[in-house]
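For reference, the structure is listed below as structure tokens.
Just so it is clear, none of the values below were taken in a lab; they were calculated from the coordinates. The structure presented is a predicted model; accordingly, all values stated were derived computationally and were not measured. Methodologically, a virtual Cβ is constructed for each residue, glycine included, from the backbone with ideal geometry; neighbour enumeration extends over all protein chains shown.
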């Protein structure tokens, strides 16, 4: 599996998780659990963005390698 594929799979999976977290009814949670959920979502969003940047960089590198 290429770097592009690995980064894309990681970013896609993290994106799905963060989207699923939006379905959680925060009113049903204890205050401390709301804070924990929001902190985790922020962390996962940051990870997703990092893997997207890695994916884009790997795509640019792959395109550069194919240019002669």
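Things to note:
- Crossing angle, helix 31-66 versus the chain [Cα axis fit, 0-90 degrees, rounded to tens]: 10 degrees
- Ranked list, fewest to most other Cβ atoms within 10 Å of each Cβ, for 15, 2, 7: 2, 15, 7
- From its DSSP helices (H runs of at least four residues, each -39,500 (n - 2.57)), the chain gives a residue-normalised ellipticity at 222 nm of -29000 deg cm²/dmol.
- Under the Debye formula (equal points on every Cα, no solvent term), log10 I(q)/I(0) of the chain at q = 0.21 Å⁻¹: -0.82
- Between residue 47 and residue 30, the simple label model (points 7 Å from Cα in the Cβ direction) yields a spacing of 2.4 nm.
- Helix 3-21 and the long axis of the chain differ in direction by around 20°, with both axes built from C-alpha atoms.
- Here the label points at residue 65 and residue 15, each 7 Å from Cα along the C-beta direction, are separated by 2.3 nm in the simple model.
- Across the range 3-66, the mean sequence separation of Cα contacts (distance under 8 Å, 6 or more residues apart), normalised by length, yields a relative contact order of 61 percent.
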